1. Ordered by residue, what ³J(HN,Hα) values in Hz, to whole numbers, does region 54-66 give under the Karplus form 6.51 cos²θ - 1.76 cosθ + 1.60, where θ = phi - 60° and Gly and Pro are x?
2. Only four residue types carry charge here, +1 at the Cβ of Lys and Arg and -1 at the Cβ of Asp and Glu. Report the dipole size of region 12-97 about the Cα centre in Debye, rounded to the nearest 20.
3. Lys/Arg Cβ at +1, Asp/Glu Cβ at -1, dipole of region 12-97 taken about the Cα centre: which of ILE83, LEU21, VAL32 is farthest positive-ward?
4. Between LEU94, SER64, ASN53, whose Cα lies farthest towards the positive end of the dipole of region 12-97 when Lys and Arg beta carbons carry +1 and Asp and Glu beta carbons carry -1, centred on the Cα centre?
5. Show me the chymotrypsin sites (Phe, Trp or Tyr not before Pro) within region 24-80 that DSSP assigns to loop and that have at most 12 other Cβ atoms within 10 Å of their Cβ.
6. Based on other C-beta atoms within 10 Å, arrange SER14, SER64 from fewest to most.
7. Please work out the ratio of the alpha-carbon Rg of region 12-97 to 2.2 N^0.38 Å and round it to two decimals.
Amino acid sequence: MASAQKNDTSKITSSTKRYNLYMQRHKTFNTVGWVLLAPGAGMVVGGLIGVSNTDFFSDANSTSFAISSVGVLMMLGSIPCFILSGSNASKAALELKTSMVPGPGGYNFASVGLKFSFK
């Protein structure tokens with residue numbers, strides 16, 4: 001019986017580590033996505049305002065186009081970050097449902113069904 005308890009503890013530890021890893025990745029990718037999206041949108045808006053305030057063939061107009069282009073690329077770069085963030089959140093939720101990770105309020109979720117343990 002002692003070996004079974006030891007085995008359950010190692011399962012809990014490894015499952016908790018995987019859950020924490022997926023949640024950390026989720027938070028990191030989500031933050032990177034927002035860091036790319038918000039300034040990128042600002043650059044697009046600023047570039048479009050610069051384009052509307054200058055002549056079509058001026059140097060300032062080409063600079064505004066460049067700023068808008070970089071902003072669009074930043075916004076497009078945020079899309080994979082949000083996709084990866086959601087994927088890691090799903091993996092963390094699956095890890096919480098299918099393994100012995102302590103949940104909120106001291107509940108444990110078992111792999112076969114839902115097991116509540118009150119501590």
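1. Ordered by residue, 3J(HN,Hα) equals 10, 6, 5, 9, 8, 5, 5, 5, 5, 5, 5, 4, 5 Hz.
2. Values: 6 positive and 3 negative charges, 162 e Å.
Approximately 780 debye in magnitude.
3. Positive-end residue among those listed: LEU21.
4. Going by the Cα projections, it comes out as LEU94.
5. Values: sites: PHE29, TRP34, PHE56, PHE57, PHE65; in loops: PHE56, PHE57.
For chymotrypsin sites (Phe, Trp or Tyr not before Pro) across region 24-80 that sit outside H, G, I, E and B with at most 12 neighbouring Cβ atoms in 10 Å, the list reads PHE56, PHE57.
6. Values: SER14 13, SER64 21.
Listed from fewest to most nearby Cβ atoms, that is SER14, SER64.
7. On the way: Rg = 19.1 Å, N = 86, 2.2 N^0.38 = 12.0 Å.
It is 1.60.
Values quoted throughout were computed directly from the atomic coordinates according to the rules given, and no laboratory measurement underlies them. This structure is a prediction, so every number in the text was calculated from the model and none was measured. For neighbour counting, all protein chains shown are included, and Cβ atoms are generated from backbone atoms with ideal geometry for every residue, glycine included.
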